[in-house]
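Let me begin by presenting the structure, written as C-alpha cells, before commenting on it.
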Amino acid sequence: MTCCEGWTSCNGFSLLVLLLLGVTLNAIPLIVSAVDEGRNQNPISCFERWFPGIIGAGLMVVPATVMSLAARKRACCNNKTGMFFSSLCSVITILGAAYCMLVSVQALSEGPLICNSQGNSTSSCEFSLRNFSDIYAESFNVQWYFNDSCIPRPPRDVSAPTTSNDTMASDWRKYSLHFSSKEDKHKTIHFTVFLGLLLVGILEILCGLSQIVIGFLGCLCGVSKRRSRIV
C-alpha cells in the first residue's frame, strides 16, 4: 500500500464519521422541537432548517466519502481514475463544509429564537443567503449564551439592592451547562449543536483539501499493483 492509498483510506473513514456526526447534530434540535412543541413550530432556532449538517456536512460529503473508500487498497476503484475522481468529489465536500460553517457562524452570532425580541416563532426567520454578507468579525459574539438571560426584559430598578447570593447564583449560571429553564435548555442546545457543526465543517474542509492533493498525487504517481494469486 502506498502512502496515497493509506491517506485516502484514512480520509474516507474520517469523512464517514464526520458525515454521521453532522447529520446527528443537525437532527438534535429538530427532534427536540418536534417533541416539545409539535411539528408546526420550531422554538429553538431558524438555522437547523437550513440543514447545514444534513445537506452541507452530510449529503454533499457522500460522493467524496464513497470515492475515497472505493479508491483505497483492494477496493473496486483502487486505480489512477479512482484517485482522480476522489479529488474531484472532494471539491463538493469543501463547498458543503463551507456552507455548514457559514450557517453555523450565523447561528452562533444570532443565538436561538428565544433570545429574539420578535418572539419565539419561525415567523421571524428570514431564509436568505444574503444574510451571510452581514457576517464580520466585529459583529460576531456569543454573549447571549454567557448572559444570565438573553430574553429582552424591562429595565431593572437600580434602587433595589443586590445581595451576594444573587451574585453567586448569577456567576454559577454564567459558566455552567444547565437545563433549569426552557431558555437555558434552548441556549445550551443551540450553542452545542452549532459549535459542533462549525468544528465538523472545519475538519471536513481539511480532509477535502488533503484528499485533493493526495488524489492528484495518486493519479500522477500511480497506486500499488494487485498481486495475482497463484492457484
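Every number here is computed from the coordinates shown, using simple stated rules; none is lab data. These figures come from a predicted structure and were not determined experimentally.
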Across region 92-108, in residue order, what do the Karplus-derived ³J(HN,Hα) couplings come to in whole Hz, using 6.51 cos²θ - 1.76 cosθ + 1.60 with θ = phi - 60° and x for Gly and Pro? 5, 4, 5, 5, x, 5, 5, 4, 4, 5, 4, 5, 5, 5, 4, 5, 5
Residue by residue through region 188-205, which ³J(HN,Hα) values in whole Hz follow from phi under the Karplus form 6.51 cos²θ - 1.76 cosθ + 1.60 (θ = phi - 60°), with glycine and proline marked x? 5, 5, 4, 5, 5, 5, 7, 5, x, 5, 4, 5, 4, x, 4, 5, 5, 5
